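Q: Let me begin by handing over the structure; questions about it come next.
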Amino acid sequence: MIEIKDLHKSYKMGSNVLHVLKGINFSVKEGELVAIMGSSGSGKSTLLNILGMLDVADSGEYTLDGVPIKNLNETKAANYRNKFLGFIFQSFNLINYKSALENVALPLYYQRVPRKERQAKAMNYLEQVGLKEWSHHLPSELSGGQKQRVAIARAMVAEPKVLLADELTGALDSTTSYEVMDLIQKINDQGNTILVVTHEDDIAHMCKRIVYLKDGVIMKDEKVKQIKASAYV
Amino acid sequence: MFDLERWQEIFDTIRKNKLRTFLTGLSVASGIFILVILLGFGQGMQNGIANEFEQDAATSVWVWPGVTSKEFKGLNPGRSIQLKNENYESSLALFGDEVEYKSPRVFVRNVQVNYGKEALVYGIQGVSYDFQFIENAKMSEGRFLNYQDVVSTAKVAIIGNKIKHDVFNDVETPLGEFINISGVLFKIVGIFSEREDREEERIYIPVTAAQQVFNGGDRINNMSYTMPVTENFDEAVVQAVAFKENLQAHLQKAHTVAPDDTGAIHVWSALEEAKRYYSLTGNIKFFFWFVGICTIIAGVVGVSNIMLIVVKERTREIGIRKALGAKPWSIVGMILHESIFVTAISGFAGLIFSMGLLEIVGPYIEVDYILNPSVNFNVAISTVLVLIFAGAVAGFFPAWRAASIHTIEALKDE
């Protein structure tokens, strides 16, 4: 599903050049649940941003579902993001004046799906994350866990190839984190490919594979025995 | 523009951000409102001045004597000038071709006027038959003086409308009634109306009667003329000024007055004055435009400011939308669409409200020099369009910048 070859990325900070990714090689197959771990500054967020086409690599190849991702302009990137990717953020990033339902339906608006169909689909996904009764509430009326579940529904609604989650439990307490991870595992069990960036060991071990990043290179890439989050709930 | 989905999205946004929308709209509407009211009063002022000025014939030239202030050819200063019939006649002989209407005027003083037992305290003026046109008097009943009256020294009088209302309430019409002026009976043959009450408090009698009956000799108090109306205003002014200067020079010579002694014989040309008035109203109009344009600029700056804040406030939302697959242009389009919609609606609301106010209140405004303030509809419409355009331009740059901010940066924006 994801192929990355010799990926480099550096940032200019004034006169200094900060080399963040120093030749990353890695691939993800369909249906995998991969955790990318590393301390802050290890380059994990940069890697995720490049995978999410929110940022562009300096050199290297990136293929997503057989499509080479290169020469991106904003419009093209927006198209790919909309078609291939679903994002889940640490800070949820829901639009605060839109209800849960409208937030979930928003990616479909940019796919030019008619309003009725949009809402039916969004409702369907809200039901899947267990928030059907909350569909007309604003984000400010939801708890953190509920907000993240709305965000997951939003990431899922466009049926993307890959879900990218950036510290998705970072703003949640551990019980809620496990609930959210339980949901992620269920979505993965349905065959969806998911990448989770985290620095929490327990969250990482709820995935099927862990990639350790340090100083811009992959230190270790291992399959792990998945711990089911439902055991903690 | 005709994308229904986009409209729905925008109405959603507007409905859920009422305060923001209201404030944007208010600044636009008040800008337009102030501009239209200002322009309206500028126009009102121009109307008012034009109206004040239209009381006498627009091309009239008036002559009245004064006192010399300079020694000339052995004559002392401080000498009063007295116009005579011969001055009037010689002026006609010299410049008769240049004028359209002309009339001498004699103020009849120290007389008693009675109607029956009632004493009338109104000015009596001996004039010629042309004077009606010089004063722009409208005959409401009967006739004005005619040639025959003047030549035959007829004992006839023309009274103002106000005198009719003040004195002749008991009779059906004052026409045919007689007034007694120091023992001489004058028959009322006409009633005139003027724009101002003050000018209706006059009784006109033939100039010949005024001189012969009331011991006036050949003295006259002033002379008045009108110039023929020409198409070109500037040309008319040039003619009037030339006539005025020639006439003044002629009279100064006839009365042995120094050529530079302008106070001895006054010659006043309405056209010349009109030019001054017109340039004054032009200046006033310019001033109102200036203030109005400053208001518009303030409005544009206000709208820009609000757009800047709105876009700033929505940076994170823009980031989210981009992460979800919104193209940069669709974001710029959405923000512009919303801002143009809001400025257009509120701009036209301000326009309709202010024009309505002018339309309803305008005709009731009775202040000197302001008459019927109104505004040119096209001008008002174009200012609204300018404001909408300015709002769009002002909204475009921050929107474009926000749409081109790196999505990650936009998402970090708090």
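Q: With springs connecting C-alpha atoms under 10 Å apart, model chain B as a Gaussian network and identify which of B:Asp261, B:Asp149, B:Asp170 has the largest mean-square fluctuation.
A: Checking each option, the largest mean-square fluctuation is seen for B:Asp170.
Q: List the GluC sites (Glu not before Pro) within the range B:76-147 that fall in a DSSP loop (any state other than H, G, I, E or B) and whose Cβ has at most 16 other Cβ atoms within 10 Å.
A: Details: sites: B:Glu86, B:Glu89, B:Glu98, B:Glu100, B:Glu118, B:Glu135, B:Glu141; in loops: B:Glu100.
Sites meeting the loop and neighbour criteria: B:Glu100.
Q: Which order results if A:Ser15, A:Ser39, B:Ser30 are arranged by neighbouring Cβ count within 10 Å, fewest first?
A: With the fewest neighbours first, A:Ser15, A:Ser39, B:Ser30 line up as A:Ser15, A:Ser39, B:Ser30.
Q: Quick one: of the DSSP bridges fully inside chain A, what percent are antiparallel, nearest 5?
A: Antiparallel bridges: around 55 percent, rounded to the nearest 5.
Q: In peptide A:94-104, what is the residue-averaged number of other protein chain Cβ atoms found within 10 Å of each Cβ? All intermediate terms of the calculation are to be shown ahead of the outcome.
A: Working: counts 2, 8, 4, 7, 6, 2, 0, 0, 3, 2, 0.
For this peptide, the per-residue mean of nearby foreign Cβ atoms is 3.
Q: Need one number: % antiparallel among DSSP beta bridges in the protein assembly as shown, to the nearest 5.
A: Counting DSSP beta bridges with both partners in the protein assembly as shown, the antiparallel share is about 70 percent.
Q: Give me the Kirkwood hydrodynamic radius of the range B:60-268, using the inverse of the mean 1/r over all pairs of distinct Cα atoms, in Å to one decimal.
A: For the range B:60-268, inverting the mean 1/r across all distinct Cα pairs yields 18.3 Å.
Q: Based only on other Cβ atoms within 10 Å, what is the fewest-to-most ordering of A:Trp134, B:Trp268?
A: B:Trp268, A:Trp134
Q: Name the residue farthest towards the positive end of the dipole of the protein assembly as shown from the options A:Ser143, B:Asn215, B:Leu336, assuming +1 on Cβ of Lys and Arg, -1 on Cβ of Asp and Glu, about the Cα centre.
A: Most positive-ward Cα: A:Ser143.
Q: Let me have the relative contact order for the range B:131-248, percent, based on Cα pairs under 8 Å that are six or more residues apart.
A: Computed over the range B:131-248, the figure is 30 percent.
Q: Now a separate question. Only four residue types carry charge here, +1 at the Cβ of Lys and Arg and -1 at the Cβ of Asp and Glu. Report the dipole size of the range B:60-268 about the Cα centre in Debye, rounded to the nearest 20.
A: I would put it at about 800 debye.
Q: Which FRET efficiency, nearest 0.05, do B:Asn378 and B:Val171 yield, Cβ-Cβ r, R0 51 Å?
A: On the way: r = 53 Å, r/R0 = 1.04.
That gives a FRET efficiency of 0.45.
Q: I need two numbers for chain A: Rg to one decimal and Dmax as a whole number, Cα atoms only, in Å.
A: Over chain A's Cα set, Rg and Dmax evaluate to 17.5, 54 Å.
Q: Work from the charge dipole of chain B (Cβ charges, +1 for Lys and Arg, -1 for Asp and Glu, about the Cα centre) and give the residue of B:Leu271, B:Tyr101, B:Ala157 farthest towards its positive end.
A: Result: B:Leu271, furthest along the dipole toward the positive end.
Q: Taking only C-alpha pairs under 8 Å that are 6+ residues apart, what is the relative contact order of the range B:60-268 in percent? All intermediate terms of the calculation are to be shown ahead of the outcome.
A: Details: 413 pairs, mean separation 72.4, N = 209.
That works out to 35 percent.
Q: Restricting attention to the range A:20-62, which trypsin sites (Lys or Arg not before Pro) occupy a DSSP loop and are surrounded by at most 14 other Cβ atoms within 10 Å? Can you show the working numbers first?
A: Values: sites: A:Lys22, A:Lys29, A:Lys44; in loops: A:Lys29.
Answer in residue order: A:Lys29.
Q: I'm checking a number: the convex hull volume of the Cα atoms of the range A:1-60, normalised per residue, in Å³. What is it? Could the numbers behind the result be given before it?
A: Working: hull volume 5.0 nm³, N = 60.
Convex hull of Cα atoms, per residue: 84 Å³.
Q: Then there is this: If N is the number of residues in the range B:58-134, what value comes out of its Cα radius of gyration divided by 2.2 N^0.38 Å?
A: Here the Cα radius of gyration is 1.48 times the empirical estimate.
Q: Step through the table entries A:Lys44/A:Lys76; B:Lys102/B:Lys138; A:Lys121/B:Lys412; A:Lys223/B:Lys327; A:Lys9/B:Lys327, compare each Cα-Cα distance with 27 Å, and write down the pairs that go over it.
A: Values: A:Lys44/A:Lys76 24 Å; B:Lys102/B:Lys138 17 Å; A:Lys121/B:Lys412 29 Å; A:Lys223/B:Lys327 38 Å; A:Lys9/B:Lys327 24 Å.
Cα-Cα > 27 Å for A:Lys121/B:Lys412; A:Lys223/B:Lys327; rest within.
Q: While we're here: Can you list the GluC sites (Glu not before Pro) in the range B:227-272 that are in a DSSP coil and have 10 or fewer other beta carbons within 10 angstrom?
A: B:Glu231
Q: Quick one: net charge around B:Asn221, please, counting Lys, Arg +1 and Asp, Glu -1 for every other residue with C-beta under 10 Å from its C-beta.
A: Numbers: positive: B:Arg105, B:Arg109, B:Arg219; negative: none.
Result for the local shell: +3.
Q: Still on this structure, please answer the following. Report the Cα centroid-to-centroid distance between the range A:200-227 and the range B:366-387 in angstrom, as an integer.
A: If we compute the Cα centre of each part, the gap is 73 Å.
Q: What net charge do the residues around A:Ala229 carry, taking every other residue with its C-beta under 12 Å from that of A:Ala229, with Lys and Arg at +1 and Asp and Glu at -1?
A: It works out to a net charge of -2.
Q: Return the inverse of the average 1/r over all pairs of distinct C-alpha atoms in the range B:182-313, which is the Kirkwood hydrodynamic radius, in Å to one decimal.
A: Numbers: mean 1/r = 0.0476 Å⁻¹.
Taking every pair of different Cα atoms in the range B:182-313, averaging 1/r and inverting gives 21.0 Å.
Q: For A:Val67 and A:Glu133, calculate 0.36 nm times their separation in residues minus their Cα-Cα distance, and state this gained length in nm to one decimal.
A: Extra length available between A:Val67 and A:Glu133 comes to 19.9 nm.
Q: May I pose another question? Quantify how much of the Cα-Cα distance distribution of chain B extends past 37 Å, in percent. Write down the numbers at each step before the final one.
A: Numbers: 43258 of 85491 pairs.
Of the Cα pairs, 51 percent sit more than 37 Å apart.
Q: Could you work out the relative contact order of chain A, using alpha carbon pairs under 8 angstrom and six or more residues apart, expressed as a whole percent?
A: 28
Q: How large is the dipole of chain A about the Cα centre if only Lys and Arg carry +1 and Asp and Glu carry -1, each at its Cβ, rounded to the nearest 20 debye?
A: Approximately 560 debye in magnitude.
Q: Let me ask something additional. For the protein assembly as shown, what is the largest minus smallest coordinate of the Cα atoms on each principal axis, given in angstrom and ordered from greatest to least?
A: Rounded to whole Å, the extents work out to 135, 59, 35 Å.
Q: Still on this model: Write down the Kirkwood hydrodynamic radius of the range B:1-42, to one decimal in angstroms, obtained as one divided by the mean of 1/r over all alpha carbon pairs.
A: 12.2
Q: For the protein assembly as shown, with only Lys/Arg (+1) and Asp/Glu (-1) charged at the beta-carbon, what is the dipole magnitude about the Cα centre, in debye rounded to 20?
A: Roughly 2680 debye for the protein assembly as shown.
Q: Alpha carbon centre of the range A:45-107 versus the range B:177-218: separation in Å?
A: Taking the Cα centre of the range B:177-218 as reference, the centre of the range A:45-107 is 98 Å away.
Q: Just to be sure I understand: if I project the alpha-carbon convex hull of the range B:306-354 onto a plane and average over all orientations, what area do I get in nm²?
A: 3.6
Q: Same structure, new question: Count, for each residue of B:325-336, the Cβ atoms from other chains sitting within 10 Å of its Cβ, then give me the mean as a whole number.
A: Per-residue shielding by partner chains comes out at 4.
Q: Right, something else. Neighbour counts of other C-beta atoms within 10 Å: give me B:Ser269, A:Ser140 arranged from fewest to most.
A: Least to most surrounded, the residues fall as A:Ser140, B:Ser269.
Q: On average, how many beta carbons from a partner chain sit within 10 Å of the beta carbon of a residue in A:108-116?
A: Per residue, the average neighbour count from other chains is 3.
Each value in this text was obtained by applying a stated rule to the coordinates, not by laboratory testing. If you're wondering where the values come from, they're calculated on a predicted model, not measured in any experiment. No Cβ is skipped: glycine too gets one built from the backbone with ideal geometry, and neighbour counts run over all protein chains shown.
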